[in-house]
Amino acid sequence: MPVFSSSLLRSTIVTRLRAAGCVFAEDEARLIISTARTPAELAGMVDRRVTGLPLEHVLGWAEFCGLRVRVDPGVFVPRRRTEFLARQAAALAGPGAVVVDLCCGSGAVGAALLSSLDGIELHASDIEPPAVRCARRNITAANARVYEGDLYDPLPDTLRGRVDVLIANAPYVPTDEIRFLPPEARDHEPLVTLDGGADGLDIQRRVAAEAVRWLAPGGHLLIETSERQVPRTAAACTAGGLTVRVAGCDDLDATVVIGTRPAPARTGAGRAPRTAC
């Protein structure tokens, strides 16, 4: 792989990226230069980034939980905050667990779990064909499968009542707030991966309503949500027959609602302390 070491070249790229509004222009220039294999490819990557294509789509990968995860154009880019969801899932799963990842996108969470846990049985699904193709490139273990379809629909019936950890990074942006998202997301990621309906929780409610049918006794559902949406996400899990607690990470601005089966009758949601992570 060629090395483009000219300080003038680097400075020119940084200037172009900064003029296009890239806040971390120096870091982006370094990543683009280190990824490009030829001068022509380098020029094309810079041009695509300047026009607003997400950096991860330009590079073809995103860093997630220490892994380099492939991210194809048109596929939802895994967020740093979702690393907290992956770590919470790993802590609950343990070796040999049966894990299901709904709305898996690029497969970043599943790939992270496969790299950190021994012998888990992983099943992932997504409704978007490009995401499924991408996830199948990132999730290659013999004990892992990626399905195309809506939430639980494509999963094998043999998983019912067997799932130890069920993960859902479903879209949770309210429809009216989509227009406030950064252009990289609003213009280049599929709307179905962002739009959670009027209050942002349409998909979460569907996940929570069906979870108890798939979870093993003592199994856990983990849903990434926002701090302000916690009460309604927790209420959806409680309505689905799960006992709820909430975990958060201030460093990543991440919030995860965790529902457990079986659930004693209770109406509130206990809150775990937000942690440094």
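The values are calculated or read from the model by the stated rules, or taken from the named source; none is laboratory data. As the structure is a computational prediction, the values presented were derived from the model and not from experiment. Cβ: placed from backbone, ideal geometry, glycine included. Neighbour counts: every protein chain shown. When the accessible area is computed, the model is the full protein with side chains, heavy atoms only, and any ligands, DNA or RNA have been set aside. Shrake-Rupley method; radii C 1.70, N 1.55, O 1.52, S 1.80 Å.
Residue by residue through region 24-68, note down the ones that are closer than 26 Å to Glu227 by Cβ, in contact (Cβ under 8 Å) with a residue 24 or more places away in the chain and part of a strand (DSSP E or B).
Scanning region 24-68 gives Ala62, Phe64.
Quick one: in region 94-131, which of the residues that are charged (D, E, K, R) and free of Cβ contacts under 8 Å to residues at least 60 places away in the same chain is nearest to His57 (Cα to Cα)?
Asp126
For Phe76, indicate whether it is closer than 30 Å to Leu166 by Cα and either assigned to a helix (DSSP H, G or I) or among the small types (Gly, Ala, Ser) (or both).
Taking the combined requirement at face value, the residue does not satisfy it.
Please specify each residue of region 76-93 satisfying the condition of being touching a residue at least 40 places away in the same chain (Cβ under 8 Å) and either within 20 Å of Leu31 (Cα to Cα) or more than 11 Å from the chain's Cα centre (by Cα) (or both).
If the condition is that a residue be touching a residue at least 40 places away in the same chain (Cβ under 8 Å) and either within 20 Å of Leu31 (Cα to Cα) or more than 11 Å from the chain's Cα centre (by Cα) (or both), then Phe76, Val77, Arg80, Arg87, Gln88, Ala89, Leu92, Ala93 are the ones that fit.
Looking at region 1-50, which of its residues are over 19 Å from Glu63 (Cβ atoms) and of a type in the set (Ser, Thr, Tyr)?
Ser5, Ser6, Ser7, Ser11, Thr12, Thr15, Thr38, listed by residue number.
Filter region 1-23 for residues that are exposed (fewer than 15 other Cβ atoms within 10 Å of the Cβ), free of Cβ contacts under 8 Å to residues at least 24 places away in the same chain and not hydrophobic (A, V, I, L, M, F, W, C) and give the result.
Across region 1-23, the qualifying residues are Ser5, Ser6, Ser7, Ser11, Thr12, Thr15, Gly21.
Working only within region 67-93, note down all residues that are of a type in the set (A, V, I, L, M, F, W, C), within 18 Å of Ala170 (Cβ to Cβ) and open to solvent by 40 Å² or more (accessible area, probe 1.4 Å).
Across region 67-93, the qualifying residue is only Phe76.
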